[in-house]
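The structure under discussion appears below in the form of structure tokens.
None of the figures in this text is laboratory data; all of them are computed from the coordinates on show. What you see is a predicted model; the values in this text were computed from it and never measured. Every residue, glycine as well, gets a Cβ built from its backbone with ideal geometry; the counts of neighbours run over all protein chains shown.
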Amino acid sequence: MDIKITSSAFAEGGLIPKRYTCDSEDVSPDLTWSGVPEGTQSIALICDDPDAPMGTWVHWVLFNLPADLTGLPIAVGPDENLANGGLHGKNDFGRLGYGGPCPPGGTHRYYFKLYALDIRFDLSSGISKAQLLVAMDGHILAEGQLMGRYTR
């Protein structure tokens with residue numbers, strides 16, 4: 001089953017505006033999704049860049065979002081615990097929350113991947129993408145992604 005993800009900031013495969021990057025405000029874009037299946041207990045979000053020179057670079061890790069949530073606003077703060085119950089993991093910038101595109105050069109792709117899960121995790125904020133992926137193994141009911149590009 002596929003989850004459809006969109007943003008008012010950019011279209012699938014489109015350019016991510018500078019506002020959402022390290023070259024400007026570095027705030028997260030709004031995201032909206034649909035198609036979360038029955039039985040979902042929580043939602044997780046991972047944003048990463050597979051074009052980074054040293055391997056995939058993680059820009060955002062967010063988990064334990066409520067199953068009935070249908071989107072995120074612009075500029076989600078880097079709080080450990082969000083008001084909706086979601087928890088931030090640590091990105092590859094070494095901090096919680098969103099870290100926008102900041103490629104050393106050229107055009108990179110940024111994948112916002114959403115996962116509907118049949119579990120709510122008893123994990124603390126600050127976990128890595130790798131730790132979240134291990135925890136999610138065998139619990140993914142549906143997923144979807146939105147890809148944007150950024151050029152410096």
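Within region 78-110, which residues have the backbone N less than 15 Å from the label spot 7 Å out from E25 along Cα→beta-carbon, could you tell me?
Counting backbone N atoms under 15 Å from the label point, the list is 78, 98-101.
Pairs of Cα atoms under 8 Å, at least six residues apart: use those to get the relative contact order of the chain, whole percent. Intermediate results must be reported in sequence, preceding the final value.
Working: 382 pairs, mean separation 47.2, N = 152.
Computed value for the chain: 31 percent relative contact order.
How would H59, H139 line up from fewest to most surrounding beta-carbon atoms within 10 angstrom? It would help to have the intermediate numbers written out before the result.
Numbers: H59 24, H139 16.
Fewest-to-most ranking of H59, H139: H139, H59.
On full extension of the chain, what length is gained from K4 through S124, given 0.36 nm per residue of separation minus the C-alpha to C-alpha distance? Intermediate values should be presented prior to the final figure.
Details: separation 120, 0.36 × 120 = 43.20 nm, distance 2.78 nm.
Extra length from K4 to S124 when fully extended: 40.4 nm.
Near M136, within a Cβ-to-Cβ distance under 15 Å, what is the net charge of the other residues, with Lys and Arg +1 and Asp and Glu -1? Show your work: numbers first, answer last.
Working: positive: K113, R120, K129; negative: D48, D118, D122, D137, E143.
Around M136, the surrounding residues sum to -2.
What net charge is computed for the residues neighbouring E25, neighbours being all others with C-beta under 10 Å from the C-beta of E25, Lys and Arg scored +1, Asp and Glu -1?
On the way: positive: K18, R19; negative: D23, D26.
Combined, the nearby Lys, Arg, Asp and Glu give 0.
So for R19, R95, fewest C-beta neighbours within 10 Å to most, what's the order? Please list the in-between numbers first.
Working: R19 15, R95 12.
Placing the least packed residue first, the sequence is R95, R19.
In terms of modelled amide H atoms, which long-range or inter-chain residues lie less than 5 Å from the amide H of L31?
L72
Three principal axis extents, largest first, for the C-alpha atoms of the chain, in Å?
Over the chain, Cα extents along the principal axes are 42, 28, 27 Å.
Once you list every other residue whose beta carbon is under 11 Å from the beta carbon of L114, what net charge do they have if Lys and Arg are +1 and Asp and Glu are -1?
0
Subtracting the Cα-Cα distance from 0.36 nm times the residue separation, let me have the gained length for T70 to T32 in nm, one decimal.
Details: separation 38, 0.36 × 38 = 13.68 nm, distance 0.58 nm.
Taking T70 through T32 to full extension adds about 13.1 nm, to one decimal.
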